[in-house]
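*Asks:* Quick one: structure below, then a few questions.
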Amino acid sequence: MSFLLEIKSLKSWYGASQALFDVNLEIKKGEVVALLGRNGMGKTTTVNSVCGLMHRYEGDINFGGFPLSGQPSFKIAQNGIGLVPEGRRVFSNLTVLENLIATARDGDWSLKEIYNLFPRLEERSYQLASSLSGGEQQMLVIGRALMTNPKLLILDEATEGLSPTVRSEIWKVIEKLKLKNISILIIDKSLKQLLELADNFYILEKGKTVWNGASKKLTNEIAQKFLGV
Ligand code: ATP
């Protein structure tokens, strides 16, 4: 079986402090995989390791059959991993349009598709990104990641801190992306939404993968034990 993303025995450090001890995770092409765990268990660190943002890690991270180890983050992005990081980082002094085209690459996703997905971005094309609401900024970051035409989209807490209305808009967009067979790794606090959407689940505890399986295997007991919900 060949995986789009394969993480084996991943260990990562912030300086001298070890954050990941044994993370294992696999994503097949077209799959939506959710990465779960309580706060501070290592979800963002896992994503940062994949995206070349950790200074030190050990273990294997293979993407499309090739090792990512040692590659700088811009190369990893060019190879087809689009990250929507925690905390909505837009280029605030650029317009919406400039944000979208800044890192665009050829492929199915062009400006037209992004504006279809998020009509509000089209209405605000010439506004500075800094003038957008939080929800609109999140749409912009997702749009910008899609404009790179990634083979894998990573969403780290994409609905965090947004109003219920905007949150449900973002979930609808993620559902549409799934229908288009985009491979997605998603971190989110809403287990309910993830259970409806994701094909496969991984749970981290203290920097280790402690459980994985499909949604029907993720029982209340497991959610209670590892997630406290
Ligand atoms: P959250 O949902 O709170 O973001 P998480 O599961 O994404 O949690 P991480 O942010 O990956 O967890 O954190 C994993 C561990 O690494 C935690 O113990 C955290 O304190 C530590 N850590 C995270 N960022 C840093 C940093 N920049 N420097 C040092 N330690 C860090």
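*Asks:* Going through Ile142, Ile182, Ile170 one at a time, which residue ends up being within 22 Å of Lys112 (Cα to Cα), away from the ligand (no atom under 16 Å from the Cβ) and touching a residue at least 60 places away in the same chain (Cβ under 8 Å)?
*Replies:* Step by step, each of Ile142, Ile182, Ile170 is checked, and only Ile182 is within 22 Å of Lys112 (Cα to Cα), away from the ligand (no atom under 16 Å from the Cβ) and touching a residue at least 60 places away in the same chain (Cβ under 8 Å).
*Asks:* Here's a check for you: in the range 37-71, which residue that is among the aromatic types (Phe, Trp, Tyr) and more than 16 Å from the ligand (Cβ to nearest atom) is nearest to Ile7 (Cα to Cα)?
*Replies:* My answer is Phe63.
*Asks:* Test of understanding: among Leu20, Leu25, which residue is in a strand (DSSP E or B), surrounded by 22 or more Cβ atoms within 10 Å (Cβ to Cβ) and not assigned by TED's automatic domain parsing to the domain that holds Arg144?
*Replies:* Every option except Leu20 fails the conditions.
*Asks:* Same structure, new question: Name the residues in the range 1-47 that are polar (S, T, N, Q) and free of Cβ contacts under 8 Å to residues at least 12 places away in the same chain, would you?
*Replies:* Once the filter is applied, which keeps residues that are polar (S, T, N, Q) and free of Cβ contacts under 8 Å to residues at least 12 places away in the same chain, the range 1-47 yields Ser17, Asn39.
*Asks:* Which condition from (1) free of Cβ contacts under 8 Å to residues at least 40 places away in the same chain; (2) over 16 Å from Ser12 (Cβ atoms) is the one that Gly82 breaks?
*Replies:* (1)
*Asks:* Another question, then. From the list Gly37, Gly59, which one is surrounded by 22 or more Cβ atoms within 10 Å (Cβ to Cβ) and either closer than 19 Å to Glu205 by Cβ or touching a Cys at 6+ places or on another chain (Cβ under 6 Å) (or both)?
*Replies:* The match here is Gly37.
*Asks:* Just one of the numbered conditions (1) modelled with pLDDT of 95 or more; (2) part of a loop (DSSP other than H, G, I, E, B) is not true of Val33; which one?
*Replies:* Result: Val33 passes all but (2).
*Asks:* Right, here's the next one. What's the total number of residues in the range 194-223 that are at pLDDT 95 or above and of a type in the set (S, T, N, Q)?
*Replies:* Total satisfying the criteria: 3.
*Asks:* Those residues that are aliphatic (A, V, I, L, M) and surrounded by 21 or more Cβ atoms within 10 Å (Cβ to Cβ), I need them from the range 178-214; list them, please.
*Replies:* Ile182, Ile184, Leu185, Ile186, Ile187, Leu194, Ala198, Ile203, Leu204
*Asks:* Answer yes or no: is there a residue in the range 19-28 that is near the ligand (Cβ under 10 Å from one of its atoms), modelled with pLDDT of 95 or more and at positive phi.
*Replies:* No, the conditions are met nowhere in the range 19-28.
*Asks:* May I pose another question? Can you tell me which residue in the range 201-229 is nearest to the chain's Cα centre (by Cα), limited to those that are part of a strand (DSSP E or B) and not hydrophobic (A, V, I, L, M, F, W, C)?
*Replies:* Tyr202
Yes/no matrix, rows are residues, columns are (1) surrounded by 15 or more Cβ atoms within 10 Å (Cβ to Cβ); (2) within 29 Å of Thr46 (Cβ to Cβ); (3) assigned by TED's automatic domain parsing to the domain that holds Ser12:
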{"site": "Gly64", "(1), (2), (3)": "yes, yes, yes"}
{"site": "Pro72", "(1), (2), (3)": "no, yes, yes"}
{"site": "Ser92", "(1), (2), (3)": "no, yes, no"}
{"site": "Val96", "(1), (2), (3)": "yes, no, no"}
{"site": "Thr103", "(1), (2), (3)": "yes, yes, no"}
{"site": "Ser110", "(1), (2), (3)": "yes, no, no"}
{"site": "Pro119", "(1), (2), (3)": "no, no, no"}
{"site": "Leu128", "(1), (2), (3)": "yes, no, no"}
{"site": "Gln137", "(1), (2), (3)": "yes, yes, no"}
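*Asks:* Could you count how many residues in the range 94-112 are part of a helix (DSSP H, G or I) and at pLDDT below 95?
*Replies:* Total satisfying the criteria: 1.
The values are calculated or read from the model by the stated rules, or taken from the named source; none is laboratory data. It should be emphasised that the depicted structure is a prediction, and the values quoted were computed from it without experimental measurement. When we count neighbours, we look across all protein chains shown, and the Cβ atoms used for this are built from the backbone with ideal geometry, even at glycine.
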